[in-house]
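As structure tokens, the structure follows; a few thoughts come after it.
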Amino acid sequence: MTNKYELSDKHLKNLESIIQKFRKDFYAVGKALKEIHEKHYYQKLSFKTFESYVNLRWDMSRSHAYRLIDAVLVIDNITPIGDILPKNEAQVRVLSKLDSVSQQKVWRNFLKTHMPITASNIKKFVSAYLGEQKKSLPVVEVVSKNYKEAVSAMLSQITVAQNEDWKSTSQKTALYWHKVIKEKILWG
């Protein structure tokens, strides 16, 4: 029975030769790194972690290796759209933050603009797209029964405090708790 980490030396050498040979080809490097990462091939070379493998073997930061891997996923996702693809990882990076459907939609619409394919132009286009998304999202009011009851109880207490001319609870304290609740909602 073969160990899941076993692979032919030839296959691993092939993957590493891709990284060496195509250092400038972000897609080929990312694809090789993705397989080495997913299948834990780095352990065959006595590296305990993928991070130490990319750092020591390729003088590459952990974050850059993962960006290259993410870029592979984006390129694979948008490839069916056409022959025009981003030329480097920086051009893909902003697309990697979108879900797969949005990646395809944004890339298709970006290509229709005939703007030069630069990381800056893609970033601006994605920012505009996300801005439009925020504007066009319908407001969905979903409030649980428990939440409604808690807010109702709180409003009742505020009414009581107001009617007592803020003797049992100060207005300053009420405003403080309003601030705490607002911050909790915004920052979770």
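Counting pairs of alpha carbon atoms under 8 Å apart in space and at least six apart in sequence, what relative contact order in percent does the chain give?
13
Each residue of the stretch 95-102 in turn: what ³J(HN,Hα) in whole Hz from Karplus with 6.51, -1.76, 1.60 and θ = phi - 60°, glycine and Pro shown as x?
Result, ordered by residue: 5, 5, 7, 9, 6, 4, 5, 5 Hz.
By average Cβ neighbour count within 10 Å, what is the ranking of 95-102, 149-156 from highest down?
With the highest mean Cβ count within 10 Å placed first, the list reads 95-102, 149-156.
Which percent of the accessible area of the chain is formed by carbon and sulfur heavy atoms (probe 1.4 angstrom)?
56
So, R0 is 35 Å and r is the distance between the beta-carbons of Ala128 and Gln157; what FRET efficiency does that work out to, to 0.05?
0.20
Sort 169-176, 60-67, 27-34, 103-110 by the packing proxy (mean of other Cβ within 10 Å over each peptide's residues), most packed first.
Listed from highest to lowest mean packing, they are 27-34, 103-110, 60-67, 169-176.
Hey, if you put +1 on the Cβ of every Lys and Arg and -1 on every Asp and Glu Cβ in the chain, which of Phe26, Asn77, Tyr129 ends up farthest toward the positive end of that dipole?
Phe26
Which Cα, out of Trp187, Trp166, Ala153, lies furthest along the positive dipole direction of the chain (beta carbon charges, K/R +1, D/E -1)?
Trp187
Counting only helical runs of four or more DSSP H residues, what would the 222 nm mean residue ellipticity of the chain come to if each run contributes -39,500 (n - 2.57) and the total is spread over all its residues?
-21500 deg cm²/dmol
Let me spell out the model: positive unit charges on the Cβ of Lys and Arg, negative unit charges on the Cβ of Asp and Glu, origin at the Cα centre of the chain. What dipole size does that give, in debye rounded to 20?
With Lys and Arg at +1 and Asp and Glu at -1, about 340 debye.
Return the label of the correct value of Cα extents along the principal axes in Å, as calculated from the structure shown, out of (1) 57, 51, 39; (2) 82, 48, 31; (3) 67, 58, 30.
Recomputing Cα extents along the principal axes in Å here picks out (2).
The values are calculated or read from the model by the stated rules, or taken from the named source; none is laboratory data. What you are looking at is a predicted structure, and each value in this text was computed from that prediction instead of being measured. We place every Cβ from the backbone using ideal geometry, glycine too, and count neighbours over all the protein chains shown. The protein model used for the area step is the full one, side chains on, heavy atoms only, and it has no ligands, DNA or RNA in it. Shrake-Rupley method; radii C 1.70, N 1.55, O 1.52, S 1.80 Å.
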